[in-house]
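Down below is the structure, laid out as C-alpha cells.
The values are calculated or read from the model by the stated rules, or taken from the named source; none is laboratory data. Keep in mind that this is a model prediction, so the values were computed, not measured. Cβ placement follows ideal geometry from the backbone for every residue including glycine, while neighbour counts extend to all protein chains displayed.
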2 protein chains.
Amino acid sequence: MAKRILETLHKRPVDRPPFWFMRQAGRYLPEYRQIRETAPNFLEFCYSPEKALEVTLQPLRRYRMDAAILFSDILVVPDALGQDVQFRQGEGPVLEPIRDAVGLDALDPAGIDKVLDPVIDAVGRISAALDDETALIGFAGAPWTVALYMVEGRGGTEGTEVRTWAARDPEGFQKLIDILCDATIRYLNRQVDAGAELLQLFDSWAGLLGEEQFMRWVVEPNRRIVEGVRAAHPDVPIIGFPRNAGVLYETFVRETGVDGVSLDHTVPLQWAADVLQPVCAVQGNLDNHMLLVGGEAMERAVMQILDVLGHGPFIFNLGHGILPPTPPENVGRVAELIRAGR
Amino acid sequence: MAKRILETLHKRPVDRPPFWFMRQAGRYLPEYRQIRETAPNFLEFCYSPEKALEVTLQPLRRYRMDAAILFSDILVVPDALGQDVQFRQGEGPVLEPIRDAVGLDALDPAGIDKVLDPVIDAVGRISAALDDETALIGFAGAPWTVALYMVEGRGGTEGTEVRTWAARDPEGFQKLIDILCDATIRYLNRQVDAGAELLQLFDSWAGLLGEEQFMRWVVEPNRRIVEGVRAAHPDVPIIGFPRNAGVLYETFVRETGVDGVSLDHTVPLQWAADVLQPVCAVQGNLDNHMLLVGGEAMERAVMQILDVLGHGPFIFNLGHGILPPTPPENVGRVAELIRAGR
C-alpha cells in the first residue's frame, strides 16, 4: 500500500492518521544509549553511517512508526561550513560564535558537499533498509534557528546577540541567512537524491521574533528553501515547524508554500483545525511532558488530538522532542491508541 | 486632569496613549545601580520602603511616564509564605524547591500580613509622592508563574518539574495554586488599601502550557484573583499578562474579566486590534531588543505600534522588561515619540 504520511501530505485519504515522534531515536531508548556509548564524540556519531542507520531503525523495531527520520543534528550544517561546533556532555552544543562579516567570510559553502558525505551515505542505507510502508524523512534546521546557534554560540537563550545583530544591521545579517538558505537547499536536495521521501525544516526558535522579523527571518527563508527544493524535486512534500509561532502560524502556512506544518503543544486544536488545516496538513502536537507522565492524562490528551484534528489531513506527533526520562512503554501505548483509531 | 492610564482602562478617551515600561526602575539606570549597591541583599532592598520609594521614582524624574510601578519582585510572596528565596548575583533567584504535600504544609499564609508590611509601607509612600497625573501600579505574580519558581527552584527552565507535577497529580498541585490565589488576593487588596490605583498580574510562564492546562492553571486562577480583588475594590482596573500565550490570549481576555491585557512582542498588531482590543484595553508590545538597539529600527517599530493599536484603548509598553544594557537615551526617545503622538 502507499505510505500513509505521503498520502496525507498530498491530501489524499488514509485508513488512520500516520504517526512518528520527534526524537524517536534517542536517549529514552536503552538500545540507543548503548550504541551512543561506543562513540563519545556526538558529531562523529552523526558522521558514522553504520551507527546512524542503526539508531534510526531502533524505534521502528519497537513501535513501527509510519516514518523513519534520519538520525543527525541540525548543527552539522555550521560544522560543514567550517564553524567550530562541539557537543559537550550535559551542556548541549557549543559553537565558536560568529558575530560579524569577518566571521561570515570564513565560512566555506563547499563543505556541504565534502563534509556531509557520511550523512548522505546514511540516508542511502536507511532508504534501502525500510519496508514499503515506512517513509524516510530528511531534515535540516531552518536558517533563523541555525543562525541563532551560530551567533549565540549555544541554544536555550533569549537570543539577545542574534536579535540585536538582525535589528542593528539587517543587511549584514541577511548575508548569513543567504548562506544558510543556499546551503540548506543544497543539503536537502542531496538528501532527496539519496532517498529521503519528505523533508522537515526545524525552526525551533521562530517564537522569539515579532511579526516584522518573523516575516523576514522565518517566513522568507523557509519560502525560499521550499522553492529551491521544489525546483529540483517537485513532488517531495515539505513540513515546516516554526515552533512557538502562536498567531503567526497562519501567516507561515499561507506564505511559505509548505505541504504540512508541525505544531508545538501550545497551539489550540480547534484553532488549528479551523485556520491551518484548510491550508495544509497539520502535524502534532502532544505535550512531550504528557508522554513523560503517561497514564490516563496522556491517553485523554491523545484522544483529544485525534478527535479534533483527525477529520482533515493530519500526522500524529509531539509538540517537541521526546524527553530522555520518558518511559518507552508510554510511547508504545500512544502508538497503540493511534492504531486503534477513534 | 484625570490620569490617562485609568481613563484608558475604563475605556474613556484620552489625548494620547499613556505609557510606562516594564522594569522602568532597574539596572539600565546609573542612579538605580548606585542605590542598589548600598543593599547587597535584593530582598532586603525590596523590604526597605525608603529605597523602594526612591528607585520607583527615579525613571519618572527622567521620562515622566503616566504610571509608577511599585518597585518589588513577584517572589516576595513565596518568601512571605516561608519558602527559602535567595537572589544570587548573576544567577537570578534560587528557591528551596517545594514538590509535595509536605512542602505545602510548611507554607504559612499569615506571612502575607506579617512579612510584607514594608512593601505596603512603600506603596503608601509612593502614593503620597506622586503628582496628580501619575497613577500607581501595584502588582503580583500570577499563581502559575509563582508556582513555577516555587517548584523548579528557579526560572528560565522548560518547567519540567512543575508541568509533570501538575499532570501527574492535579489535585495535589491545585492546593499550591489555591494557596497562591488566596495569598495574592490578600496581598493585592492590601496594596490597593495603601494607594495602588491599578494592578498588573504577571503570568510570565503562561506560554509553557497547552490549552487544557492553560485553562486550569492560568485562566482560572487569574479569573479568581480578578474576582477576589473586585469584591473588595470594584473600581480598580486589573491588567493581565499571560506572556507568550499566542492564540490563547483571546481565551484569556474573554474568560478572566481583566480590564487590560499586556502583550509580549510576538503578538501581531493587527490581530490584537481585531481580536483583543474589542474586549479590553491592550498594552504593549515593543520588542525590548528594539529599545536596546535604538535608532531608526526602534522608531519605526514604535510608530507602527502607535498606528495599529492607537485607535482603541491602548497603553504603550514593552513586550517584556527593559534589558540592563539598554541606553537610557533610547527610553527617552520613545517617550518623546509617544508624547508627540501619531
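Below is a table of values for the structure above.
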read-out: Pairs where the first residue, in segment B:162-189, is within 14 Å of chain A (Cβ to nearest Cβ) and the second is surrounded by fewer than 22 Cβ atoms within 10 Å (Cβ to Cβ) and assigned to a loop (DSSP other than H, G, I, E, B), C-beta under 7 Å, 6+ apart; value: B:W165/B:R99
read-out: Matching residues in segment A:294-317 - criterion: being in contact (Cβ under 8 Å) with a residue 12 or more places away in the chain and within 11 Å of chain B (Cβ to nearest Cβ); value: A:G294, A:M298, A:A301, A:Q304, A:I305, A:V308
read-out: Top-ranked residue in segment A:196-216 [being within 17 Å of the chain's Cα centre (by Cα) and part of a helix (DSSP H, G or I); ranked as surrounded by the most Cβ atoms within 10 Å (Cβ to Cβ)]; value: A:A206
read-out: Filtered residue count, segment B:318-342, keeping only those that are aliphatic (A, V, I, L, M), touching a residue at least 40 places away in the same chain (Cβ under 8 Å) and in a helix (DSSP H, G or I); value: 4
read-out: Hits in segment B:103-119 (condition: outside any helix (DSSP H, G or I) and under 30 Å from B:L57 (Cβ atoms)); value: B:V115, B:L116
read-out: Any hit, segment A:224-240, residues being surrounded by 18 or more Cβ atoms within 10 Å (Cβ to Cβ), within 14 Å of another protein chain (Cβ to nearest Cβ) and under 28 Å from A:L176 (Cβ atoms); value: no
read-out: Enumeration of residues in segment A:50-65 that are over 16 Å from A:A122 (Cα atoms) and over 20 Å from the mean Cα position of the chain (by Cα); value: A:R61, A:R62
read-out: Some residue of segment A:1-10 being under 30 Å from A:V261 (Cβ atoms) and modelled with pLDDT under 95; value: yes
read-out: Residues of segment A:40-66 that turn out to be under 17 Å from A:P30 (Cβ atoms), without any contact (Cβ under 8 Å) to a residue 60 or more places away in the chain and either among the small types (G, A, S) or buried (at least 17 other Cβ atoms within 10 Å of the Cβ) (or both), as a count; value: 5
read-out: Filter result for the condition that a residue is touching a residue at least 12 places away in the same chain (Cβ under 8 Å), exposed (fewer than 14 other Cβ atoms within 10 Å of the Cβ) and out of contact with any strand residue (DSSP E or B) (no Cβ under 7 Å at 6 or more places or on another chain), over B:D100, B:D84; value: B:D100
read-out: Complete set of residues in segment A:190-207 that are in contact (Cβ under 8 Å) with a residue 60 or more places away in the chain and within 14 Å of chain B (Cβ to nearest Cβ); value: A:D203, A:S204, A:W205, A:A206
read-out: Every residue from segment A:294-324 that is exposed (fewer than 15 other Cβ atoms within 10 Å of the Cβ) and under 28 Å from A:Q89 (Cα atoms); value: A:P324
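Yes or no, residue by residue, for (1) crowded, with 24+ Cβ neighbours inside 10 Å; (2) in contact (Cβ under 8 Å) with a residue 24 or more places away in the chain; (3) of a type in the set (K, R); (4) not in a helix (DSSP H, G or I):
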| site | (1), (2), (3), (4) |
| --- | --- |
| B:D121 | no, yes, no, no |
| B:G124 | no, yes, no, no |
| B:S127 | no, yes, no, no |
| B:E133 | no, yes, no, yes |
| B:G138 | yes, yes, no, yes |
| B:V146 | yes, yes, no, no |
| B:Y149 | yes, yes, no, no |
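For (1) within 14 Å of another protein chain (Cβ to nearest Cβ); (2) surrounded by fewer than 23 Cβ atoms within 10 Å (Cβ to Cβ), each residue gets a yes or a no:
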position	(1), (2)
A:G246	yes, no
A:T251	yes, yes
A:V267	yes, no
A:A272	yes, no
A:C280	no, no
A:D287	yes, no
A:L292	yes, yes
A:T326	yes, no
A:R339	no, yes
